[in-house]
Amino acid sequence: MPGAPHHGNRDGAPLDATRARRIAIVRFHLNGEPTAVAVPVHWTLLELVRYTVGLTGTKQGCDKGDCGTCTVRLDGDPVLSCLTLAVEAEGRAVETVEGLGVGGEAHPLQDAFARLGAAQCGFCTPGMLMSASAWLDVLALADDPTFDRATIARVLGGNLCRCTGYTKIIDAVEAVARELLARREESDAPVGADAPDSQRAVAP
C-alpha cells in the first residue's frame with residue numbers, strides 16, 4: 001500500500017536506498033566533453049540532460065514524443081529525449097542546443113533564427129535547431145544536395161510551434177542551407193585556366 005516500508009529482498013536482507021532505486025552510471029560524451037552521471041535506470045535522456053546535468057536548453061513539453069521540444073542529437077541523429085532512456089546514451093555522443101555554437105560563437109542557425117525573426121517565445125526553438133542542424137550536416141555531404149522548402153517542412157515535421165506559422169522558421173533554415181551550399185560550390189570550383197586569376201594554378 002502507499003507509504004508502506006520496503007522490508008527487504010527475498011532472502012530477508014534489507015535493501016539500501018540505492019539498490020531499491022536501481023541506479024545506473026551512464027558514461028558518454030556530452031557536447032564533446034566526457035561525462036559520467038548517476039541516474040535511476042528508468043529515467044529518460046531528457047531528465048538526465050535537463051535535471052541532472054542542468055542543461056535547460058532542452059525543453060520538457062508533452063512527454064509523449066509529439067511536440068519535439070526535447071529533441072537532442074544522439075551520435076549525430078535527432079532523437080526525442082523524452083522517449084529515449086538515459087542508459088541508451090552509454091558510450092555515445094549526445095549534443096544539446098548548448099553545444100551548437102563553437103568557441104563562444106553562435107551557430108549559423110542560431111544567428112539566422114535571430115536575424116530573420118524565426119523565434120518568438122523560444123520554447124520550441126532548441127528542438128527546431130537540433131533537427132535542422134542534423135539535416136544540414138547530411139546535406140553538406142549529400143551527393144545530390146538539392147532541396148526545396150517542402151523538404152525543410154518535412155525535416156521539421158516533428159517539431160511543433162504554437163506561436164508562428166512556420167514561415168520564418170523555414171526561411172531561416174533555408175537561408176543557412178543556401179549559404180552552406182554556396183560555400184560548398186565555391187570550395188569545389190576547379191582551379192585552372194578557367195578560374196579567376198587569383199585561383200589559377202601556378203606552374204612550377
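Only the coordinates and a few stated rules stand behind these numbers; no lab work does. Model, not experiment: these values are computed from the prediction. Here the Cβ is made from the backbone with ideal geometry for all residues, glycine too, and neighbour counts use every protein chain on show.
Non-local amide H neighbours of Thr44 (under 5 Å, H modeled in plane, Pro and chain starts lacking H): which ones?
Residues meeting the amide H criterion: Ala86.
Relative contact order of the range 108-188, please, whole-number percent, based on alpha carbon pairs below 8 angstrom and at least 6 residues apart. Can you show the working numbers first?
Values: 56 pairs, mean separation 39.2, N = 81.
48 percent.
Report the relative contact order of the range 30-170, percent, no decimals, based on alpha-carbon pairs under 8 angstrom and at least 6 residues apart. All intermediate terms of the calculation are to be shown ahead of the outcome.
Numbers: 204 pairs, mean separation 37.0, N = 141.
Over the range 30-170, the number comes to 26 percent.
Using a Förster distance of 45 Å, how high is the FRET efficiency between Val102 and Arg22, based on the Cβ-Cβ distance and rounded to 0.05? Walk me through the numbers on the way to the answer.
On the way: r = 38 Å, r/R0 = 0.84.
Computed FRET efficiency for Val102 and Arg22 comes out at 0.75.
Relative contact order for the range 22-99: what is it in percent, counting Cα pairs under 8 Å that are at least 6 residues apart?
Numbers: 164 pairs, mean separation 29.8, N = 78.
That works out to 38 percent.
Just rank Phe113, Phe28, fewest to most, by other beta-carbon atoms within 10 angstrom.
Values: Phe113 25, Phe28 22.
Ordered from fewest to most neighbouring Cβ atoms within 10 Å, Phe113, Phe28 come out as Phe28, Phe113.
Which value in nm describes the separation of the simple spin-label points at Glu90 and Leu160, placed 7 Å from the Cα toward the beta carbon?
Rounded to a tenth, the inter-label distance reads 3.3 nm.
With N set to the residue count of the range 22-99, report its C-alpha Rg divided by 2.2 N^0.38 Å to two decimal places. Don't jump to the answer; show the numbers that get you there.
Working: Rg = 11.0 Å, N = 78, 2.2 N^0.38 = 11.5 Å.
For the range 22-99, the normalised Cα radius of gyration comes out at 0.96.
Measure off 7 Å from each Cα along the Cα-to-Cβ vector at Asp188 and Asp66, then give the distance between these two points in nanometres to one decimal.
Spacing of the two 7 Å Cα→Cβ label points: 4.2 nm.
How many Å³ per residue does the convex hull of the Cα positions in the range 105-197 occupy? Before the final figure, lay out the partial values.
Values: hull volume 11.1 nm³, N = 93.
Residue-normalised Cα hull volume stands at 119 Å³.
Rank these for me by crowding, Lys64, Lys59, Lys168, going from fewest to most other beta carbons within 10 Å.
Numbers: Lys64 9, Lys59 21, Lys168 17.
The order, fewest Cβ neighbours first, is Lys64, Lys168, Lys59.
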